Amino acid sequence: MVLGLRNYIDMHLLSRSVSNTSLRAHSFWLSFALIPSISASSSSSFSSKCRAEPISVPSQPPPVPKRVPFTLSLHGHSWQDPYHWMCNTNDPDFLNYLNQENSYAQAFMADTGSLQRTLVAEMKNRMPSKVSTPVECFGPWLYYEYIPEGKEYPVLCRRLQTNKPGWAEKILSYVKAEFRREEILLDWNEVAEKHGYVHVGQCRISPDHNFLAYTLDATGSEQFMLQIKDLRNGCIIPMEPVNGVVSLAWAQDCKTLLYTIADENQRPYRVLCTKLEPGNTDDTLVFMENDPSYCVDLTSTKDGKFITVNSNSRSSSEVYVVDATEPLNGLQRVHERVSGVQYFLEHHFGFFYILTNAPMKENIKCSHEGLYLARCRVGDIQSTTWQNIFYPGEDTCIQDMDIFNGHLVLFLNKDGFPMICSIDLPINVDCKHQMLIEDLNPWFFPIPSNSCSIEPGSNLDFMSSVYRVVLSSPVIPDVIVDYDMARRTFSIVQQEEVLGAPSNARSCSSGYELDTLQQHGIEKDAKDKNVELERWKDFSSTYCCERKEVISHDGIRVPLTILYSPKAWKSSQSPGILHGYGAYGEVLDKSWRVDRLSLLDRGWVIAFADVRGGGGDDPSWHKTGNGLLKQNSIHDFVSCGKYLIDEGYVQRDQLSAIGVSAGCLLIGAALNMYPNLFHAAILKVPFLDILNSLLDPSLPLTMLDYEEFGNPGIKSEFECISSYCPYKNIRPRGCHPSVLVTASFNDSRVGVWEAAKWVAKVRDSACSSCSPSVILTTSMSGGHFGEGGRYIQCEELAYDYAFLVKAMGVDMN
C-alpha cells in the first residue's frame with residue numbers, strides 16, 4: 001500500500017485527529033479487524049431564551065481559576081488572555097484546578113449513574129466475549145490477533161502453516177503438536193498492566209520472520225520507544241534506549257533496521273540505521289530533513305526490494321529510494337520537491353509505479369487536481385519524463401494504490417462514493433493515446449450500495465492474487481472480504497458478530513448490491529460467478545441510513561448522512577447528534593459502531609456532516625475548507641444542523657454536536673456563531689485556542705499546521721483565524737449550550753490547557769444559568785488517543801451519552 005498523505009499525515013502522528021479505539025486501531029500492522037469501534041452571527045432564527053427547565057447541577061459552584069493579566073499584540077491588534085498561565089502544566093495551581101474540575105464533573109454526573117450502568121450493560125451484552133481476526137498468510141506463517149475474554153487489548157499471534165506445498169522437509173522436522181503451536185508475539189494487555197497505558201505505533205516483521213520491531217508509548221505522550229523482539233526465543237534484544245521513533249523498515253538482510261526519529265516538536269526528521277550485531281552502539285544517520293514544514297516517513301515497497309524515504313508536507317512531497325539489499329549505499333532522489341506536488345511510488349519488476357498530481361513532462365500543466373498514475377524504469381527514476389499510464393475521468397479521483405505480482409489495486413472515489421478495482425499486470429501502455437481506467441479492463445470489486453468505508457487489510461504477500469478489505473457502514477457491521485483478482489470472484493471471510501441484534505437483520509445478496517456499479521456507468525463483470533452466493537448481513541431493515549445533500553451558505557451541496565430507527569424515531573420530536581470534523585482532508589468516520597444502537601433504539605437521530613476541509617470527491621473539497629476558506633467548514637456544519645431541524649429529523653431544541661480534536665474547531669466556532677442551534681455538545685481533546693497555539697512555533701504541529709489553517713504571522717491569515725477562533729470569540733454575557741469537554745494531561749498534539757482555558761472563559765462569559773452545565777474532565781495519565789480498551793470504551797461512551805441525555809432532558813425510557 002502506498003503510504004500517501006491520507007495514510008501518513010492524516011491517520012498517524014502528524015494531525016490533531018483521533019482514530020477509533022478498536023482492534024483495527026490497535027493493529028497498525030494487521031490492519032484488518034472485526035472488532036467494533038470503541039472511536040455567523042447572533043441573528044439566528046432560533047430561540048435565544050435560556051432553557052425553560054434548568055437541569056440539576058451540584059450544590060457546589062463550579063471551580064474558579066485564578067486570572068493573571070496577560071496581553072498579546074500582533075498586526076496592530078491587542079487582546080487579553082487571563083488564562084495564558086495555564087500553558088505551564090507544571091504550575092501547582094493548574095494541577096489543582098484540573099482536579100477541582102474533575103470533582104465538579106463527578107458531582108454533576110452523579111445523578112446519571114444508573115443510566116450509565118444501563119448503557120454499559122447494553123453495550124457489553126452486544127459484544128462477543130472473545131473476538132479475533134481471521135488468519136493472514138505471510139510467508140510460512142499464519143498471523144492473526146484476538147482479544148482474550150475479559151481483556152481490554154489485543155494479542156498478536158502466529159502459527160506455522162501445515163498445508164503449504166513444498167514444506168514437506170520442514171514438516172518432518174516438527175512433531176505435530178509443535179508444528180501447530182501458537183506463538184504470542186505481542187500482548188498489549190501485559191504492557192498496559194505494567195505501565196497503566198499502552199499505545200503501539202508500528203509493528204514490522206522482518207523478511208525472515210525472526211524479528212518483530214515495534215514502537216511503544218507507555219505514557220500517552222507519544223514518545224514512542226523502539227523495541228525489537230527475537231521471535232526465536234521470545235526475548236527483547238538489549239539495546240540503547242531509542243525514543244521518539246515513528247516509522248520502521250527492514251532491509252533484506254533481516255539484521256538491518258531503518259527508523260525515523262522525531263524532534264522536540266514531534267516532527268519525524270531523521271532516518272537512522274541500526275544493525276542487530278553484538279556490540280553495536282552507534283546507529284548510522286541516513287537522512288535528515290531540515291525544513292520544519294516537512295516530516296519524514298519510511299515505507300518498503302511491496303516486493304521488499306526498495307525502502308522509500310518520504311519527506312512530506314501537508315501539500316508537497318519528495319521521495320528518496322534506498323536499495324533494500326544495500327541500505328547504507330546512499331539514497332537516490334526521485335524528483336526535487338515542488339510546492340503543491342505530491343507523489344508516491346511502488347515497485348514492480350524493474351518499474352516504479354508513481355501516483356502524482358502533476359505531470360513531470362516539461363511545459364505540461366495538470367488539467368485537474370487529483371492524482372494520476374505514471375511509471376518509469378528503475379534506471380530512469382531521475383528522468384524528467386515519466387510515462388503516463390492513465391488519468392482518471394472527470395468524475396473519478398484516485399486516492400491510493402497497492403501492487404502485487406500480477407495485479408494493481410486502485411482506491412477510487414467516483415461521484416462521491418468509494419470504489420476499489422484491480423488491473424492485471426503488466427500493463428501494455430499505449431503512448432500515442434491518453435488512456436482512462438476503463439481502457440485497462442479493470443475489475444471493480446462488488447461492494448454494498450450503502451457502504452461508507454473501504455479499509456485495506458494487511459495484504460503483505462506480494463505474490464498473492466487475493467486482496468482483503470474491511471467493508472463497513474452505519475448499518476453494516478464490519479465485514480472482511482477476500483477478492484480473488486485472478487478469478488474475479490470474492491468471498492466473505494468474517495463479519496462482526498452483534499449479540500442480541502434485531503432478528504430482522506437482512507442478508508444482502510451481493511448480486512443486488514452490484515446494481516450500484518451500473519448506477520455509476522460501470523457494467524457488471526461476467527466473471528462475477530459467485531455474486532448470488534455470497535451475502536453479508538446488514539441492518540438496513542431496522543435502521544434507516546439516508547444520504548442527503550444540504551445547500552450551504554454559498555450554494556455548495558454538502559453531503560449529510562442521517563441514521564435513525566424508523567420504529568423509534570418521531571418526526572420533529574426526536575433528539576439528535578451531529579458529528580463533524582472538516583480538517584486535513586480526512587473523511588469523517590461513518591463505519592459501524594454497535595454502541596450507537598442504545599441511542600437509535602430510543603429514537604435518537606445520529607448524523608454525519610462531510611463538510612469542506614475534510615475528505616471529499618477530490619482534493620478541492622479539502623482546499624475549499626482550509627486556510628483562508630476555513631469558515632466554509634463552519635457554515636457547512638451549521639447548514640447541516642439547520643437542515644436536520646427544518647426537515648423534521650430532529651426536534652428544534654434537541655440537537656447536539658460532537659467533535660474530536662481538530663473537529664472541535666468546527667463545533668466551537670458553530671457554538672459561538674449560532675449558540676441557540678445546539679442544545680448540548682461534546683468536545684473531546686479539543687483544539688480550541690488555535691490563534692494562540694499557531695503563534696507558538698515551539699508547540700508540536702504548529703509549523704506543520706500553517707499549511708492547513710494558515711500562519712497568523714501573515715496579516716490576512718491572522719485576521720481569518722482570529723475571526724473564527726473558538727477561544728477568542730466566546731460571546732460575552734450570553735446563554736451557552738451545555739458542553740462536556742474531555743482532555744488528557746499528557747496529550748502532545750493538543751495541549752490540555754486549551755480545554756481548561758476554554759471552559760474557564762465560557763464560565764466567565766455565559767449567564768449564571770448556563771455556566772454550571774459546562775463541565776471538564778481530564779485524564780491525568782492518558783494521551784491524545786485516550787486510555788480505553790475494549791470495555792473501558794463502553795464506560796466512556798456511556799458517560800458521553802448520559803451527559804447528552806441529562807443536558808437535553810431526554811426521557812430514555
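Below are the figures for this structure:
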{"item": "Check on C794, under 25 Å from D595 (Cα atoms) and assigned by the TED database to the domain that holds V660", "result": "yes"}
{"item": "Any hit, region 394-411, residues being open to solvent by 30 Å² or more (accessible area, probe 1.4 Å) and among the hydrophobic types (A, V, I, L, M, F, W, C)", "result": "no"}
{"item": "Lone unmet requirement of (1) more than 30 Å from D538 (Cα to Cα); (2) modelled with pLDDT of 80 or more; (3) open to solvent by 40 Å² or more (accessible area, probe 1.4 Å) for S367", "result": "(2)"}
{"item": "Tally of residues being open to solvent by 10 Å² or more (accessible area, probe 1.4 Å) and assigned to a loop (DSSP other than H, G, I, E, B) across region 676-700", "result": "9"}
{"item": "Condition met for S56 (touching a Gly at 6+ places or on another chain (Cβ under 8 Å) and part of a loop (DSSP other than H, G, I, E, B))", "result": "no"}
{"item": "Any hit, region 296-312, residues being touching a Ser or Thr at 6+ places or on another chain (Cβ under 6 Å) and part of a loop (DSSP other than H, G, I, E, B)", "result": "no"}
{"item": "Qualifying residue in region 702-724 (condition: at pLDDT below 95, buried (at least 19 other Cβ atoms within 10 Å of the Cβ), farther than 12 Å from E754 by Cβ and of a type in the set (A, V, I, L, M))", "result": "yes"}
{"item": "Yes/no for R337 being among the charged types (D, E, K, R) and either at pLDDT 95 or above or in a strand (DSSP E or B) (or both)", "result": "no"}
{"item": "Residue selected from region 725-753 under the condition part of a loop (DSSP other than H, G, I, E, B) and of a type in the set (G, A, S), by the criterion surrounded by the fewest Cβ atoms within 10 Å (Cβ to Cβ)", "result": "S748"}
{"item": "Top-ranked residue in region 754-790 [being among the charged types (D, E, K, R) and closer than 30 Å to P128 by Cα; ranked as least open to solvent (accessible area, probe 1.4 Å)]", "result": "R790"}
{"item": "Verdict on R270 being part of a strand (DSSP E or B) and open to solvent by 20 Å² or more (accessible area, probe 1.4 Å)", "result": "yes"}
{"item": "Yes/no for A669 being open to solvent by less than 10 Å² (accessible area, probe 1.4 Å) and within 26 Å of P566 (Cβ to Cβ)", "result": "no"}
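Yes/no matrix, rows are residues, columns are (1) polar (S, T, N, Q); (2) surrounded by fewer than 23 Cβ atoms within 10 Å (Cβ to Cβ):
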{"residue": "I556", "(1), (2)": "no, yes"}
{"residue": "D610", "(1), (2)": "no, no"}
{"residue": "G614", "(1), (2)": "no, no"}
{"residue": "W621", "(1), (2)": "no, no"}
{"residue": "T624", "(1), (2)": "yes, yes"}
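The values are calculated or read from the model by the stated rules, or taken from the named source; none is laboratory data. The shown structure was predicted, so the numbers you read here are calculated from the model rather than taken from an experiment. Don't worry about glycine lacking a Cβ; one is built from the backbone with ideal geometry, like all the others, and counts go over all protein chains shown. Ligands, DNA and RNA are stripped out before the accessible areas are found, and what is left, the full protein with its side chains, is counted by its heavy atoms. Shrake-Rupley method; radii C 1.70, N 1.55, O 1.52, S 1.80 Å.
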